[in-house]
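Only one structure is covered here, and it is reproduced in the block below.
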Amino acid sequence: MILDYALGFAFVCFGLGLLICLWRVVFAPSIPDRVLALDTMVVNMIALLVLYGMYYGTGIYFEAAMLFAMTGFVSSVAYAKFILRGDIIE
């Protein structure tokens with residue numbers, strides 16, 4: 001019973017965080033601010049996927065969260081490399 005309320009509250013909090021990050025992506029003053037907002041959106045999406053897995057009691061959402069985390073990490077590293085060197089593939 002209390003777990004349902006806690007999950008509902010967590011869904012709302014992470015959903016609002018996702019919307020705020022989306023606003024920051026659209027209206028950020030510089031490109032690094034937008035990339036940081038996108039990286040934070042990845043973290044919020046991972047949290048939402050884990051919460052969905054807890055709510056439905058299945059492990060497939062945890063695997064999807066792991067794939068999403070790996071993709072987000074690789075994209076952050078690729079952008080950092082692009083900022084530092086000007087190209088991604090050497």
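The residue that is modelled with the lowest pLDDT, among those in region 72-90 that are aromatic (Phe, Trp, Tyr) and closer than 18 Å to THR40 by Cα, is TYR79. Within region 5-25, take every residue that is at pLDDT 95 or above and among the β-branched types (Val, Ile, Thr) and give me the one that is farthest from TYR56 (Cα to Cα). Among those that are at pLDDT 95 or above and among the β-branched types (Val, Ile, Thr), it is ILE20.
The values are calculated or read from the model by the stated rules, or taken from the named source; none is laboratory data. Worth saying up front: this structure is predicted, and the values here are computed from it rather than measured.
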